[in-house]
Amino acid sequence: MSDALDTSALLLPPGPVDLTAVETDAAPGFAGKKSDGEKALVGLETELADLQERLFAERSAGSERRILLVLQGMDTSGKGGTLRHTVGLVDPQGVRITSFKAPTDEEKKHDFLWRIRNAAPPPGTIGVFDRSHYEDVLIVKVHEWADADEIERRYDAINAFERELADGGTTIIKCMLHIGVEEQKARLQERLDNPEKHWKYNPVDVDERAHWPAYQEAYEMALERTHTQVAPWHVIPADKKWFRNLAIGHLLLQGLRRLDLQWPAADFDVEVEKKRLAESDTA
């Protein structure tokens, strides 16, 4: 069917990572066109919303289960667009979004994972990291703000941290939004050409483009070192915005389905409460 997407096509294979071999303007695992993809995304809404509500409801029965969606990618790769078009399909009261910027003075006093731990989603919620702990092995590596031994330590620390989250009931969905260098340039140009998008433009983004090869190398190493059984990476071609949104929607739905979520059983006598309610009318 044209609305079906095979998410296995997005899963990073084991072994050395070569991002140059992964197309950015593609729709792997999906046979339809843009119109099909946009329609298919809307078609996910009902089930996504139902399963998210079940996840949220489970908290009342003491469940520790939760979802963590990690969105990592170069500037303009579409983290914000994913939040609006895909995560926006579910009830916002059950979503916790954290956008990690440059660490504050207080955060710098602690290990790099300190602020990440503080932002981990509580039970019953879908947590989303718009950028994440991976900044500390990406931009830090590119600009040599930490030496090689420290970067290696951080890879191991990230794997241990994600294992800890998984053991505590967190389903981790990691998505690398893979945008092409020319597509990024076009999106930056669009922001410059449209006064309504000037607020989204950051001159620093052009400075960072000069480090594109170094960033690709840093991503390849981070993906390779932190692609684990409990927290595998998915590489999402991001030049096609509609496919990016659909792919992450399917991954989120897949993660929720695997939890086999059930409505919590009543901890009271339903029939007794029906009778009490019926008799509660006042004159």
Subject >> Count - residues of region 202-231 that are in contact (Cβ under 8 Å) with a residue 60 or more places away in the chain and either within 24 Å of E47 (Cα to Cα) or among the polar types (S, T, N, Q) (or both) >> reply: 5
Subject >> Subset of region 10-35 (residues that are assigned to a loop (DSSP other than H, G, I, E, B), among the hydrophobic types (A, V, I, L, M, F, W, C) and within 18 Å of T86 (Cβ to Cβ)) >> reply: L10, A27
Original post:
So, in region 192-235, of the ones that are open to solvent by 60 Å² or more (accessible area, probe 1.4 Å) and not in a helix (DSSP H, G or I), which residue ends up nearest to R131 (Cα to Cα)?
Top reply: N202
**OP:** Determine the pairs where a residue that is open to solvent by 20 Å² or more (accessible area, probe 1.4 Å), located within region 157-178, has a partner that is of a type in the set (F, W, Y) with Cβ atoms under 9 Å apart, the partner being 6 or more residues away or on another chain.
**Re:** A157/F112
Subject >> Residue among E38, E47, E53, E106 that alone is open to solvent by 30 Å² or more (accessible area, probe 1.4 Å) and either closer than 26 Å to F161 by Cβ or assigned to a loop (DSSP other than H, G, I, E, B) (or both) >> reply: E106
Original post:
If you check every pair at least six apart or on different chains, which have Cβ atoms under 7 Å apart with a residue in region 140-155 that is basic (K, R) first and a residue that is surrounded by 14 or more Cβ atoms within 10 Å (Cβ to Cβ) and not in a helix (DSSP H, G or I) second?
Top reply: R154/F112
Subject >> Residues (open to solvent by 10 Å² or more (accessible area, probe 1.4 Å), within 20 Å of G255 (Cα to Cα) and out of contact with any Asp or Glu (no Cβ under 7 Å at 6 or more places or on another chain)) located in region 63-80 >> reply: S63, E64, R66
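The values are calculated or read from the model by the stated rules, or taken from the named source; none is laboratory data. All values derive from a computational prediction rather than experimental measurement. Reconstructed Cβ throughout: ideal geometry from the backbone, glycine too, with neighbour counts over all protein chains shown. With ligands, DNA and RNA removed, areas are computed over all heavy atoms of the protein, side chains included. Shrake-Rupley method; radii C 1.70, N 1.55, O 1.52, S 1.80 Å.
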